[in-house]
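Report on the following structure.
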Amino acid sequence: MKSVTAPAEPRRGLGALAAGLLLPLLAACGDDHLTRYPQTTYAPRTEMAEIQMGLFNLTLYLGVAVGLVTFALLGWIMWKFRYRPEAPEPRQIHGNTTLEVAWTLFPALIVAVIAVFTVKAIFATQPEPPANALNVRVIGKQWWWEFQYPVNGGQDTIITANEIHVPVGQPVQLLLESDNVLHSFWVPQMGGKRDLITNRVNRLIFTPREPGVYLGQCAEFCGDSHALMKMRLVAHTPQGFQDWLNNEARPAVEPLDSTSSVAVGKKLVTQGVCAGCHVINGTPMVGRQGPNLTHFGRRRTLAAGIVENNAENLAAWVRNAPAMKPGSKMPQLGGDIPNALTEDQIQYIVAYLQSLQ
Ligand code: CUA
C-alpha cells in the first residue's frame, strides 16, 4: 500500500506550492482588487500611469522569463549530472568561452531593451506643459499638503489642503514645491512619483480620465508622521470641477444665528488659539502655519487624510492632535493641560468648523 500512497504526497505539495504562488497573482487581477487595495498601481487611470505600468510589466515579464529559463536549466543540470556511484569521474574542464560570452551578451541585450523603453517613457511622462493645462501649486508640509489654484489670470489664489480637485479630460500640471524637507507626490492611479524639493519647482503632468476619488500618499520619508501624510485626489466632470472651484472662491459661510453654538464656535476659532496658525477667508484670521480652513466642512477627511471628517474625529483632533499624529505641529488643546479648552468649547469649535461648507 505504501508504494501507492507515497508518490501522491510530493505531488500534492507541488500543487499547493503552485497555488500559493499563483493565487496572489490571480487575486491582483480580480474585480475586487481596487476595493481591497484602493491605493493601487495596477489600475492606471491616466496615460502617464499606463506608460509606467507598461514599463513595470515589461521588466516583470522579462524577469519571470529569465527566472523560468534559469530554474529549468538548473533542474535539468541537477538531474543530468546527479550523483551515480557507478559513473566514472566527469571530464575536468576549466572555463568555456562560448558560455561566458553568451551569459554576458544575453543579459546586456535584455538591459538594452529595458533601457530603450525606459528612455522613451521618461520623455513621454515629462512633456512640455500643454497650453490648456490646469496649473496647481502643490506645497509639501510636515505632514500635510497645500494646494493652490491661481484664478482670475493669476490675480487671486484659492488655497485648500489635503484634497486636490481636478477636472477630467484636461491636462493637469502640478508645480511641486516644499518649504521644509523633501516630500514626494504620489497618487498611484494618476502616476508618479515626483519629489517636492526646496528651492526648486518640479512638474508632474497628467490627464485624469474618469471621475472618482483617488488615494494618495507622500512617498519620501519626511519625519515623524510621513506615513500619515495622505491625500485624496478628486476628479470631477468639468462642470463639477467649476462648481467646486466657485464654492472654494467664496469667503467662509457666516453662522445664521448669532446665538447658536456655531456662532460661539466661530468666536472661539477666529479670536482664539486657532487664529495663530490658520486662515479662514472672510474672517480676520491670517495664520499661515496650518491648512486653510475656509471650506473645511466639505473635506472628506481630516489630519491629512488619516480619518473621516466627522464630529467625533474632529473633536479628538482638536483635543489632542499629536495623539493622532505623532509630531503634529498642531498642539494639544484639550484634556489634562494648563489652560485647556473645555469639552463644551471643543464641541462649539467642531460645530463651527463643520459649518464651513
Ligand atoms: Cu511628506 Cu513623507
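The values are calculated or read from the model by the stated rules, or taken from the named source; none is laboratory data. Given the structure is predicted, the values throughout are model-derived calculations rather than measurements. Neighbour counts are summed over all protein chains in view; Cβ atoms, including those assigned to glycine, are modelled from backbone coordinates with ideal geometry.
General observations
- Restricting region 138-153 to residues that are away from the ligand (no atom under 16 Å from the Cβ) and touching a residue at least 24 places away in the same chain (Cβ under 8 Å) leaves a set whose member that is surrounded by the fewest Cβ atoms within 10 Å (Cβ to Cβ) is Val151.
- Residue in region 332-352 that is of a type in the set (Phe, Trp, Tyr) and in contact with a Pro (Cβ under 9 Å, 6 or more places away or on another chain) present: yes
- Val111 meets each of the listed conditions (1) outside any helix (DSSP H, G or I); (2) out of contact with any strand residue (DSSP E or B) (no Cβ under 7 Å at 6 or more places or on another chain); (3) among the aliphatic types (A, V, I, L, M) apart from (1).
- Some residue of region 120-136 being in contact with a strand residue (DSSP E or B) (Cβ under 7 Å, 6 or more places away or on another chain) and under 30 Å from Gly327 (Cα atoms): yes
- Of the residues screened, Pro90 is one that is modelled with pLDDT under 95, farther than 30 Å from Trp244 by Cα and away from the ligand (no atom under 16 Å from the Cβ).
- Residues within region 170-218 that are more than 13 Å from Gly140 (Cα to Cα), more than 11 Å from the chain's Cα centre (by Cα) and not acidic (Asp, Glu), tallied: 14
- Extreme residue, nearest to Asn246 (Cα to Cα), among residues of region 271-290 that are crowded, with 18+ Cβ neighbours inside 10 Å and out of contact with any His (no Cβ under 7 Å at 6 or more places or on another chain): Ile280
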